[in-house]
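Working notes, beginning with the structure itself.
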Amino acid sequence: MGRRSSQSTRDDRGETLVELMVALAIMGTAVIALVGGIGTFVQTSDIHRKQAKSQAYLRQFAENLQSSIAAYPTGYVACTTTTKPKAAYDALKPAVDAGYQAVVTETGIAVWNRATSTYTTCPTAGDAGVQRVTLQVSTDDGRASETLDIIVRRPCRPPTDPLDPSIVQDTTCTA
């Protein structure tokens, strides 16, 4: 009665230290992969959120510019030796959250050159009434940057607003 059979002692022995270490290594690898996947998901989600916000700000920037140019009197600023449209168009940027910047890029204004049928930098003689404006919204951390080229044309309208004759419009309108 005091003796156990050899069969029962083999079944009760449990796992060895090596087996436990292998199991822990496998579980540790699985946990590391899971945590890495969650980290990648969080980073990707942050980037997508910033891209979506940048696109919304960029759309608002373009709409502000369009509204300004369509207004009476127009917000169109011709390129000359004394006037550069960048500052006027930069003033139309929307209010953005901290960490975002909305600008007309440094090389962002080009005018249509009728002679060469290309866009060139602002000439000293002025422009022909068609500009390509490059708008950009980016984040400070560089994770999202959206750029939009829009073509604006100087409006060709009657010299005064038909609804309000007291508002005088630019009288120089060339074809």
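For the range 118-142, which positions are within 26 Å of the chain's Cα centre (by Cα), part of a strand (DSSP E or B) and of a type outside the set (D, E, K, R)? Give the steps one after another, and end with the answer.
First, the residues of the range 118-142 that are within 26 Å of the chain's Cα centre (by Cα): 119-122, 130-142.
From what is left, the residues that are part of a strand (DSSP E or B) are 119-120, 130-139.
Once the filter is applied, which keeps residues that are within 26 Å of the chain's Cα centre (by Cα), part of a strand (DSSP E or B) and of a type outside the set (D, E, K, R), the range 118-142 yields TYR119, THR120, VAL130, GLN131, VAL133, THR134, LEU135, GLN136, VAL137, SER138, THR139.
Contact annotation: residue pairs with Cβ atoms under 9 Å, 6 or more positions apart or on different chains, pairing a residue in the range 100-111 that is in contact (Cβ under 8 Å) with a residue 24 or more places away in the chain with a partner that is among the acidic types (Asp, Glu) and assigned to a strand (DSSP E or B), are GLY108/ASP149. Can you find a residue in the range 54-65 that is farther than 18 Å from VAL104 by Cβ and either among the polar types (S, T, N, Q) or in contact with a helix residue (DSSP H, G or I) (Cβ under 9 Å, 6 or more places away or on another chain) (or both)? The answer is no; no qualifying residue exists. With respect to THR81, determine if the residue is of a type in the set (Ser, Thr, Tyr), assigned to a loop (DSSP other than H, G, I, E, B) and in contact with a Ser or Thr (Cβ under 7 Å, 6 or more places away or on another chain). Taking the combined requirement at face value, the residue satisfies it.
Taking every residue in the range 30-53 that is of a type in the set (S, T, N, Q) and pairing it with any residue that is modelled with pLDDT of 95 or more and surrounded by 10 or more Cβ atoms within 10 Å (Cβ to Cβ), at least 6 positions away or on another chain, yields no pair with a Cβ-Cβ distance below 8 Å. Within the option set SER54, SER8, being outside any loop (DSSP other than H, G, I, E, B), surrounded by 14 or more Cβ atoms within 10 Å (Cβ to Cβ), modelled with pLDDT under 95 and small (Gly, Ala, Ser) holds for one residue only, SER54. Only residues that are closer than 14 Å to ASN64 by Cβ, surrounded by 14 or more Cβ atoms within 10 Å (Cβ to Cβ) and among the hydrophobic types (A, V, I, L, M, F, W, C) were counted in the range 78-93, giving 2.
The values are calculated or read from the model by the stated rules, or taken from the named source; none is laboratory data. Not measured: the values here are computed from a predicted model. Note that we place each Cβ from the backbone using ideal geometry, even for glycine, and neighbour counts take in every protein chain shown.
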